[in-house]
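Working notes for the structure below.
The values are calculated or read from the model by the stated rules, or taken from the named source; none is laboratory data. Please read these numbers as outputs of a predicted model, since none were measured by experiment. Glycine gets a Cβ as well: all are built from the backbone with ideal geometry, and neighbour counts include every protein chain shown. Areas reflect the complete protein model, heavy atoms only, side chains present, ligands, DNA and RNA absent. Shrake-Rupley method; radii C 1.70, N 1.55, O 1.52, S 1.80 Å.
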Amino acid sequence: MAPSLLFNPAKLPPSEALQLAQQAPVVLQGSSSPSETVDQWATYENLLLACLRTGDDEAAAKCMDQLEARFGPDNERVMALRGLLSEAQAENNGELEAVLKQYDAILEGNSTNLPITKRRIALLRSMGRVSDAATALVQLLDFSPTDAEAWSELSDLYFTQGMYSQAIYALEEALLLSPNAWNIHARLGEVQYMAATTSGSGGGSQQKYLAEALKRFARSIELCDDYLRGYYGLKLVTTRLLKEQAKQAKQTDDGEFTLPDPKTIERLDELATAKLSEIVRHSTLKDRGWRGYDEREVAAARELLSQNGIER
């Protein structure tokens with residue numbers, strides 16, 4: 001299925017984002033029509049984002065002009081898109097600092113401008129000021145604690161700094177707001193698995209993290225039967241648990257968690273192996289109904305199966 005300008009292109013592969021950006025001349029040529037359609041402005045915004053991804057700043061600026069002419073320069077969403085365009089056009093750190101000062105000036109006049117607040121946080125992170133970005137996110141969440149996306153972003157910032165306990169806490173907050181988000185369950189499992197593999201994790205702590213990771217990955221595939229990352233994580237955890245069976249203690253002294261019995265872990269491992277093999281096989285053959293998986297994730301799944309001596 002061809003990519004559509006009605007959907008945000010942020011998660012598209014580069015080749016598909018390029019296909020969207022190449023539609024700019026046709027879309028912009030039709031911008032002189034006096035009539036508006038329901039999807040027209042979403043199309044301009046997504047085209048702008050696609051053009052920025054592919055380096056077509058000129059077409060992106062034309063999309064920006066159309067949006068600004070329609071909604072006005074003081075529209076908060078338009079202000080954030082204008083800032084994003086300025087970031088993309090910046091050629092050095094000095095120009096990025098100038099954009100950051102613009103954001104600060106806007107927020108000084110209106111501290112509740114969420115689109116600009118989020119752009120400021122994203123810019124801080126892109127400039128390598130991760131600690132400042134995390135501090136700004138905490139302040140944002142004090143003001144807007146029901147923003148699941150912000151909690152997930154905060155978790156990622158903590159994760160990049162090796163602060164696994166804080167990263168886990170932030171994702172748990174995100175799950176309170178989106179309890180059926182299978183991708184967040186899987187991401188929480190990934191962070192817990194990473195926490196279990198760090199050298200600082202003791203025996204009991206390591207087992208607790210692995211048990212929690214197993215539960216999160218199982219929940220993610222329960223919510224989405226074909227979720228590759230869920231099965232990939234499940235395979236990682238079960239493989240590790242089966243290798244360490246002799247060391248496992250079923251339960252800690254405080255009774256906080258319990259690992260499944262070895263037979264249950266074996267069945268989960270077999271399930272993950274079978275499903276990963278199925279996804280890799282059908283995705284590689286580009287069978288109908290099996291397209292849309294990230295090629296890098298499919299390659300990682302193939303490699304994981306190879307490491308375990310499994311033929312795809």
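Some observations on this one:
- Cross-chain or 6+ apart pairs with Cβ under 8 Å, region 125-144 first and farther than 15 Å from residue 97 by Cα, then outside any helix (DSSP H, G or I) and of a type in the set (Ser, Thr, Tyr): 143/112
- Checking each residue in region 158-170 for being buried (at least 19 other Cβ atoms within 10 Å of the Cβ) and within 17 Å of residue 136 (Cα to Cα) picks out 158, 159, 167, 170.
Rundown of residues vs (1) closer than 22 Å to residue 8 by Cβ; (2) free of Cβ contacts under 8 Å to residues at least 12 places away in the same chain; (3) surrounded by 13 or more Cβ atoms within 10 Å (Cβ to Cβ), yes/no style:
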| site | (1), (2), (3) |
| --- | --- |
| 41 | yes, no, yes |
| 52 | yes, no, yes |
| 55 | yes, yes, no |
| 72 | no, yes, no |
| 81 | yes, no, yes |
| 90 | no, yes, yes |
| 96 | no, no, yes |
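- Within region 266-312, being polar (S, T, N, Q) and in a helix (DSSP H, G or I) holds for 273, 277, 283, 284, 306, 307.
- Taken over region 173-196, the residue count meeting the criterion of being among the polar types (S, T, N, Q), open to solvent by less than 70 Å² (accessible area, probe 1.4 Å) and in a helix (DSSP H, G or I) is 1.
- All of (1) modelled with pLDDT of 95 or more; (2) not assigned by TED's automatic domain parsing to the domain that holds residue 139 hold for residue 101 with one exception: (2).
- Failed item, numbered, when residue 142 is tested on (1) open to solvent by 80 Å² or more (accessible area, probe 1.4 Å); (2) part of a loop (DSSP other than H, G, I, E, B): (2)
- Region 2-17 - residue that is open to solvent by 70 Å² or more (accessible area, probe 1.4 Å) and in contact (Cβ under 8 Å) with a residue 12 or more places away in the chain and, of those, farthest from the chain's Cα centre (by Cα): 2
Conditions (1) touching a residue at least 40 places away in the same chain (Cβ under 8 Å); (2) of a type outside the set (Val, Ile, Thr); (3) within 13 Å of residue 226 (Cβ to Cβ); (4) outside the structural domain of residue 219 (by TED's automatic domain parsing), marked per residue:
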{"position": "273", "(1), (2), (3), (4)": "no, no, no, no"}
{"position": "279", "(1), (2), (3), (4)": "yes, no, yes, no"}
{"position": "282", "(1), (2), (3), (4)": "no, yes, yes, no"}
{"position": "287", "(1), (2), (3), (4)": "no, yes, yes, no"}
{"position": "290", "(1), (2), (3), (4)": "no, yes, yes, no"}
{"position": "296", "(1), (2), (3), (4)": "no, yes, no, no"}
{"position": "300", "(1), (2), (3), (4)": "yes, yes, no, no"}
{"position": "304", "(1), (2), (3), (4)": "yes, yes, no, no"}
{"position": "309", "(1), (2), (3), (4)": "no, yes, no, no"}
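- If you go through region 278-308 and keep only what is of a type in the set (Val, Ile, Thr) and open to solvent by 50 Å² or more (accessible area, probe 1.4 Å), you end up with just 284.
- Selection status of residue 116, buried (at least 17 other Cβ atoms within 10 Å of the Cβ) and touching a residue at least 40 places away in the same chain (Cβ under 8 Å): yes
- When region 197-228 is filtered for residues that are under 17 Å from the mean Cα position of the chain (by Cα), over 25 Å from residue 141 (Cβ atoms) and in a helix (DSSP H, G or I), the ones remaining, listed by number, are 217, 228.
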